[in-house]
1. About the Cα centre, and with charges only on the beta carbon of Lys, Arg (+1) and Asp, Glu (-1), how big is the dipole of region 2-188? Nearest 20 debye, please.
2. Convert each backbone phi in region 32-39 into a coupling constant with the Karplus relation 6.51 cos²θ - 1.76 cosθ + 1.60 (shift: θ = phi - 60°), then list the ³J(HN,Hα) values in order as whole Hz, x for Gly and Pro.
3. Within 14 Å, Cβ to Cβ, of residue 189, how many net charges do the neighbouring residues add up to if Lys/Arg are +1 and Asp/Glu are -1?
4. If amide H atoms are built 1.01 Å from N in the plane of the peptide, which residues on other chains or at least 5 residues away come under 5 Å of the amide H of residue 209?
5. Starting with the fewest neighbours, write out 46, 38 ranked by other beta-carbon atoms found within 10 Å of each beta-carbon.
6. Provide the per-residue ³J(HN,Hα) series for region 213-219, in order, calculated from phi with Karplus coefficients 6.51, -1.76, 1.60 and θ = phi - 60°, each as a whole number of Hz, with x at glycine and proline positions.
7. Compute the signed sum of charges (Lys and Arg +1, Asp and Glu -1) over the other residues within less than 13 Å, Cβ to Cβ, of residue 207.
8. Determine ³J(HN,Hα), in whole Hz, for all residues of region 251-262 in sequence, where each value follows from phi through the Karplus function 6.51 cos²θ - 1.76 cosθ + 1.60 and θ = phi - 60°; x replaces Gly and Pro.
Amino acid sequence: MLAPFLIMLREGIEAALITGIIATYLNQTDRREFLPAVWIGVFLAVALSLFLGAGLQMVSAEFPQKAQELFEAIVGAIAAVILVSMVFWMRKAARSIKAELHSSIDEALEHGSGAGWALIGMVFFAVAREGLESIFFLLAIFQQSQGPAAPLGALLGVLVAVGIGIAIYRFGVRINLKRFFQWTGVFILFVAAGILSGALGNLHEAGIWNSLQTPAYDLSRILPVSGVAGTILSGVFGYQESPTIGEVIVYVVFLAASLYFFLRPARTPKNTAPQQGARSDANA
């Protein structure tokens, strides 16, 4: 339950942040008549994500067993790639996202009579990106976690994100987004490692991957998946009580590499300071 909650909370806050920046900028520039276009774009993006998720779930249910395992492996791999790209994209774009959105809004509203449609399209693609990321992640999680806990966690994450978005937009509430995205980013990388490791197991069940299948260890007596702690670790980090050597290698290598690149300090060009100074002088 914790994993889908935190992922959907992060995804929801990203979408709310983008929508809030757009709505605030329209208010500040006396273009409030375009606000309905923002909400139409959000609604269409959410509807598309829900229909796509339901469609993929219905199609996968018709597959035979081996095809089902292959489908789960593909979804898991896509979800892991999307999660990693989401984490690194936000790490890189956080500083400039506001200015880029303002520029995109101005460009969209230069279309004259088609300005409203251009703005709807801009909001739609921005929010749909977050929604489609969420769909593939949730499919991967729901396939590995049985019961209502995962869907409830995802729903709760969305509701909390909506509440935070409203608080930021309407009441000016501020949160340390840099720290929030950094810590949730680390958590997401652990989740992605578990999903990718599980995808390798699905490939074996589909008859495609048969190497490195010797069990690496067996913790079924100490920390069984059926226990409370094992269930939590399995749902959050993809813990397995008796993983194969291949699954352990995928988990450790992926996690070590992704954490290294994510946590290392961002490099700043040596000539950044002089350029900033020159710009300040020019503005003055």
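1. Values: 13 positive and 13 negative charges, 137 e Å.
Computed about the Cα centre, the dipole is about 660 debye.
2. Each residue of region 32-39 in turn: 5, 5, 8, 4, x, 5, 5, 5 Hz.
3. +3
4. 204
5. If I rank by nearby Cβ atoms, fewest first, I get 46, 38.
6. 9, 5, x, 6, 6, 9, 10
7. My count for the surroundings of residue 207 gives -1.
8. Whole-Hz 3J(HN,Hα) from phi for region 251-262: 4, 5, 5, 4, 5, 5, 5, 5, 5, 4, 6, 6.
Values quoted throughout were computed directly from the atomic coordinates according to the rules given, and no laboratory measurement underlies them. Keep in mind it's a predicted model, so treat the numbers as computed, not measured. Because the Cβ atoms are built from the backbone with ideal geometry, glycine has one as well, and the counts that use them run over all protein chains shown.
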